[in-house]
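Bear in mind these aren't lab numbers, they're just calculated from the coordinates by the rules spelled out. The model shown is predicted, which means the values in this text are computed figures rather than measured ones. For neighbour counting, all protein chains shown are included, and Cβ atoms are generated from backbone atoms with ideal geometry for every residue, glycine included.
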Amino acid sequence: MANSTVLHELRERIAQIEGVSSRHPALPFQIDAIDQSLPDGGLATGALHEVAGSRELADDAAATVFLAGILARMEGTVFWCMHWRDLFAPALHFAGLHPDRVIFIEAGSDTNVLIAMEECLRQPGLGGVVGELRKLSLTASRRLQLAAEESGVPAFVFRRGLPADAVADGTAAMTRWRIKAAPSERLGIPSLARPRWQVALERVRGVEPKLWILEGCDAQGRLAIPADLGRRIASGARPGGRLKAKPLPSSRLIPITAGV
């Protein structure tokens, strides 16, 4: 029996023991090194995930596009809950997420973002729910995880501007990702190469943290292995490594208050 099959069966048994539902499908990245590190061979839908960049603008932009690329490959409307309107929505289209698919909720505070997320997650059939949060308690994350599992809608907590040395909070999220910008390929001509990112899978049940250098999302939201790294993989090298310890239109904004 292939090693990947054995690992998949073991993860399913662990999920059953821990009470983690696997009745919802997974979204594969279509990159073996990543998919083999995730339960069910891809990013779990009907679950909570964390995504973070850093205080560097380039890292935060990379994390935003990484998240947009995942949502671009989902079906249905996306709700993006934020404190205030500081996200340039048309740029999401470069990762395949058309702004017409996204409804932005300007909530004003972490408390209201959590209220909006939980309410949105009660609606099955959505493409995803994103909440930009500064802090996430274990109790709040459990509520989001349960709501996502019940409806089958993937939930994403986006930790924008998270310091690189910040101690990770204990949450109920299935995965935790840290995205940073990396140097692009040198083309030798006056032109811009495809962006490269450092993609860190910092937490996932049953798997050690991993780190990859990947090319950023294309117009369909897909990541890719850089050509030079692809040659190393073909020769038998391992692709992943262990980790050491214009503002939004007002018509698309839904202001909410704690009393709603």
What does the convex hull of the Cα atoms of region 100-163 come to per residue, in Å³, rounded to a whole number? 87 Å³
What is the distance, in nm, between label points placed 7 Å from the Cα along the Cα-to-Cβ direction at W84 and at Q220? 4.0 nm
Gyration tensor verdict on region 45-111 (Cα atoms; rounded if a/c is under 1.5, prolate if a/b is larger than b/c, oblate otherwise): rounded
On the formula 1/(1 + (r/R0)^6), with r taken between the Cβ atoms of L192 and I103 and R0 of 35 Å, the FRET efficiency rounded to 0.05 is 0.65
Estimated FRET transfer efficiency (K135, T77; beta-carbon r; R0 35 Å; 0.05): 0.85
Nearest-0.05 FRET efficiency for Q36 and E208 at R0 = 22 Å, using Cβ-Cβ distance, is 0.95
Given 4 °C and 1.567 mPa s, how large is the Stokes-Einstein diffusion coefficient of region 106-225 in µm²/s, with Rh as the Kirkwood radius over Cα pairs? 79 µm²/s
On each of the three principal axes of the Cα atoms of region 148-213, give max minus min coordinate, whole Å, ordered largest first. 51, 29, 25
